[in-house]
Structure formats: C-alpha cells, structure tokens
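Before any comments, here is the structure.
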Amino acid sequence: MIITLKEGLSVPYRFKFFKRCLYKEKKLSEVKSNGEFLLSMSNTDGLELQFKNKSYLTSTTKDPLIFSPVKLSYNTESNVFFIKNKEHLKMQWDKHKEKYRNSKNLSMILVIERLYFHVLLGLEYDLLSSGSYAPFFSDVYNKEINEDTVLKGMNWVSNPLSIPVKISYELSKYGNNIVFLTGVVALDEENLTRLITDKNFQQHAKSYHYTKNFTIKSDIKVVYDLETGYLLSSVFMIKIDGKEEGIEEEISFELNQEGKRVRKN
C-alpha cells in the first residue's frame, strides 16, 4: 500500500489542544486552545507544507501571536522540517513585539526572540510543543507501507522541559481508501547525549536530563485519506512523568479535516 499526495489542494482543519507542564510543583505552562487552519502540500521537489491560520483562540491571551502563513520544507537526510519563510515571520514578530513591549516583559521578549530566530530549530520545536501539528511532520509518501513498516515522524525537543523526543508510526489497518496508523513517542537518547555535551545547553540543563528518571507514555492515532494523501484526523496524547525529579507534562489534542467523519479505529 502506497500513500500518494494529490497536488493543488487547500484542505481545512479544526483542532482542540491542551497542554499542562509542571516542574518542582511550579506551573511552567497551561494552555487550552482551539481553531481552524488551511493546509497546502506539495511533493514535486521534496515535501513542503504551508499552514494558513483561519481562526485561533487560546486561554493565555486575548490577542495571541499568530504566525501565518508558515511554510516548511522536509530535509530527508536530517529528518527535519525547516521553516522556509522565517524572514516574513520575523516581520510579524517585530510588529507584535512593538505592540506589547514594556520594561516589565522586555527580558521575556528577548528570550522568546532568541528561541524563535537565533536558536537552530527553536521555532520549529515550539510549533511541535505548543500546537497540534506533530502528526503532519512525517514523510509517509511514495513508500511501500505494510505491517512491518516503521515510519519516522520529525524528532523534536519538547519545550519548556527541553526533553528531546522522537515519534514513529506503524500501520494499524487500511481499507475503503482510508489508512489507520498508530504512533509512539519515546525519548530520543541520541539527541539527549548530544545536547548534554553542548555548553550552551549545560547552562540550563536539569538533573532529569542526566538521570533520565522519567517515563514517557503516548497514545497516537492518525488517519489518512488515500484519495488525496491528506491526513483526515488525529488523536494525540503524550505524558512525561518523573515524580522524583518533579516533572510532569501532558499534551493532548484532536484535529479533524472539516466536513469529513472517520469511524474510530
């Protein structure tokens, strides 16, 4: 079975997202959001994705920073989707920054700006850590997929705990032009080893980065439409728990292609 992408489409999605993160009983983040966006994909000269916002509501602010459109290109060798239009996004950021910058939040603004525009993959990792985009970041196209196939999603560093993780998918079943995949998130040991030898990372590293005394549990289901190659729906849950280290993180979301109903797997 092969999934082939149909070119020239702009596909609408709806999502609901929740994230809660604690460290040493201190709440680092708690976000509830929902919205709609359009996705356009191309695989002519390598896999490219463009997300365009339609609506976005979040519990954290009445006027959220929304990067749109966001264009990403897949690098096969590194298994990473790079944002292509960061210069355009920087203009959006500068406008938002000037609107809200003051003496009280200046240091936080500088931290965010450095993460987004001066740290390699900082903005890409934040998209994966703070939104319902992870299921899209996998090159499933033009490959023979069977029950023994393992498909790699994009590896990322989950913020704000800075824990590197990786995601993989396997075929669950297919039929009637629909493909069901199941996914698993695990600690990216190789990337963690690389990070803790980095002097910049060492300045902010915590004990759990060295002890790895935490567990990662996940429950991921992804459904593709064989007629178009686009994702139909996804249910995603990941929990990182380390009681002795004082870390707790939960991310869960659902997203669905508008106007399409899929029977639960």
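The values are calculated or read from the model by the stated rules, or taken from the named source; none is laboratory data. Small disclaimer: the values here were computed from a predicted structure and weren't measured. A quick note on method: Cβ atoms are made from the backbone with ideal geometry, for glycine too, and the neighbour counts reach across all protein chains shown. Calculation scope for accessible area: heavy atoms of the full protein, side chains included, ligands and nucleic acids excluded. Shrake-Rupley method; radii C 1.70, N 1.55, O 1.52, S 1.80 Å.
Please find, within segment 70-83, the residue that is least open to solvent (accessible area, probe 1.4 Å) out of those that are farther than 10 Å from Leu49 by Cα and either in contact with a Phe, Trp or Tyr (Cβ under 7 Å, 6 or more places away or on another chain) or in a loop (DSSP other than H, G, I, E, B) (or both).
Asn79
Just to be sure I understand the filter: pairs with C-beta atoms under 9 Å, separated by 6 or more residues or on different chains, first member in segment 242-262 and under 25 Å from Glu227 (Cβ atoms), second member open to solvent by less than 80 Å² (accessible area, probe 1.4 Å) and in a loop (DSSP other than H, G, I, E, B). Which pairs pass?
As it stands, the answer is Phe253/Gly131; Phe253/Ser132; Glu254/Ser132; Leu255/Ser132; Leu255/Tyr133; Asn256/Val262; Gln257/Tyr230, since those pairs meet every condition given.
How many residues are of a type in the set (Ser, Thr, Tyr), without any contact (Cβ under 8 Å) to a residue 24 or more places away in the chain and farther than 17 Å from Ser129 by Cα if we restrict to segment 1-56?
Summing the residues that are of a type in the set (Ser, Thr, Tyr), without any contact (Cβ under 8 Å) to a residue 24 or more places away in the chain and farther than 17 Å from Ser129 by Cα in segment 1-56 gives 1.
Of all residues in segment 137-171, count the ones that are over 14 Å from Ile3 (Cβ atoms), open to solvent by 10 Å² or more (accessible area, probe 1.4 Å) and touching a residue at least 60 places away in the same chain (Cβ under 8 Å).
Qualifying residue count for the region: 3.
Which numbered condition trips up Asn105, out of (1) open to solvent by 80 Å² or more (accessible area, probe 1.4 Å); (2) at pLDDT below 90?
(1)
Restrict the check to segment 11-25 and report whether at least one residue is out of contact with any Lys or Arg (no Cβ under 8 Å at 6 or more places or on another chain), among the acidic types (Asp, Glu) and surrounded by fewer than 17 Cβ atoms within 10 Å (Cβ to Cβ).
Yes, some residue in segment 11-25 is out of contact with any Lys or Arg (no Cβ under 8 Å at 6 or more places or on another chain), among the acidic types (Asp, Glu) and surrounded by fewer than 17 Cβ atoms within 10 Å (Cβ to Cβ).
Out of all the residues in segment 217-241, which are open to solvent by 40 Å² or more (accessible area, probe 1.4 Å) and of a type outside the set (D, E, K, R)?
Of everything in segment 217-241, those that are open to solvent by 40 Å² or more (accessible area, probe 1.4 Å) and of a type outside the set (D, E, K, R) turn out to be Leu226, Val235, Met237.
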